[in-house]
Amino acid sequence: MNSPILSAATRLLVALMLVFSVYMLLRGHNEPGGGFIGGLIAGIGFILYAIAEGAAATRRALRFDPAAIAMIGLGIALLSGLVAGFAGDPLFTGQWWFIGAGEGDKGLPISTVLLFDIGVYLVVVGSVLTLVLALEEEV
């Protein structure tokens with residue numbers, strides 16, 4: 001499509017959708033949201049970009065093959081589940097670490113739950129874009 005209005009609006013909308021998808025990802029393990037919905041929002045942003053600019057431009061913007069993104073996300077999700085097994089707990093049990101903990105302050109909590117959500121986010125983005133870009137290139 002060669003609409004200058006759609007191209008200009010897409011650049012702004014994609015940026016906003018990616019920021020919102022990261023917000024949904026980080027909010028997800030305490031509130032509604034998480035890796036799946038965040039990944040869908042990011043995927044929709046890139047789909048909008050593919051409609052406006054084409055599949056080749058979207059692949060250049062991604063810089064990685066969408067299938068590779070999905071495989072990396074699957075590996076991250078699997079590793080986050082195996083961490084509990086190495087700690088002696090059942091697989092996929094949440095493990096928590098506190099970075100920068102001081103006196104009376106727990107610090108910044110990092111958990112395997114967040115790592116799992118990041119993995120799901122990447123799997124959803126990669127798989128959705130693999131399907132959509134394949135369909136876009138067929139047309």
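The values are calculated or read from the model by the stated rules, or taken from the named source; none is laboratory data. The structure displayed is predicted, hence computed values, not measured ones. Methodologically, a virtual Cβ is constructed for each residue, glycine included, from the backbone with ideal geometry; neighbour enumeration extends over all protein chains shown.
Condition first: outside any helix (DSSP H, G or I), over 23 Å from SER111 (Cα atoms) and either charged (D, E, K, R) or in contact (Cβ under 8 Å) with a residue 24 or more places away in the chain (or both). Now tell me which residues in the range 1-45 satisfy that.
Across the range 1-45, the qualifying residues are MET1, SER3.
Is it true that some residue in the range 75-87 is among the β-branched types (Val, Ile, Thr), more than 14 Å from VAL113 (Cα to Cα), modelled with pLDDT of 90 or more and part of a helix (DSSP H, G or I)?
For the range 75-87, residues among the β-branched types (Val, Ile, Thr), more than 14 Å from VAL113 (Cα to Cα), modelled with pLDDT of 90 or more and part of a helix (DSSP H, G or I): absent.
Checking the structure you have, find out if any residue of the range 92-115 is assigned to a helix (DSSP H, G or I) and either surrounded by fewer than 14 Cβ atoms within 10 Å (Cβ to Cβ) or touching a residue at least 60 places away in the same chain (Cβ under 8 Å) (or both).
There is at least one residue in the range 92-115 that is assigned to a helix (DSSP H, G or I) and either surrounded by fewer than 14 Cβ atoms within 10 Å (Cβ to Cβ) or touching a residue at least 60 places away in the same chain (Cβ under 8 Å) (or both).
Can you find a residue that is loosely packed, with under 12 Cβ neighbours inside 10 Å, part of a loop (DSSP other than H, G, I, E, B) and hydrophobic (A, V, I, L, M, F, W, C) anywhere in the range 117-139?
So far as the range 117-139 goes, yes, one or more of its residues are loosely packed, with under 12 Cβ neighbours inside 10 Å, part of a loop (DSSP other than H, G, I, E, B) and hydrophobic (A, V, I, L, M, F, W, C).
Kindly indicate the residue of the range 82-120 that is of a type in the set (Gly, Ala, Ser) and in contact with a helix residue (DSSP H, G or I) (Cβ under 7 Å, 6 or more places away or on another chain) and also nearest to LEU26 (Cα to Cα) among those meeting that condition.
GLY119
Mind telling me which of the residues VAL14, VAL22 ends up being farther than 18 Å from LEU131 by Cβ, surrounded by 18 or more Cβ atoms within 10 Å (Cβ to Cβ) and of a type in the set (Val, Ile, Thr)?
VAL14
Conditions first: (1) part of a loop (DSSP other than H, G, I, E, B); (2) at pLDDT 90 or above; (3) within 14 Å of VAL124 (Cβ to Cβ). PHE64 passes all but one, so which condition is the exception?
(3)
Residues of the range 100-139 being farther than 30 Å from ALA56 by Cβ and over 23 Å from the mean Cα position of the chain (by Cα), which ones?
GLY100, ALA101, GLY102, GLU103, GLY104, ASP105, LYS106, GLY107
Being of a type in the set (A, V, I, L, M, F, W, C), in contact (Cβ under 8 Å) with a residue 40 or more places away in the chain and surrounded by fewer than 16 Cβ atoms within 10 Å (Cβ to Cβ), is that true of even one residue in the range 57-68?
Yes - at least one qualifying residue is present in the range 57-68.
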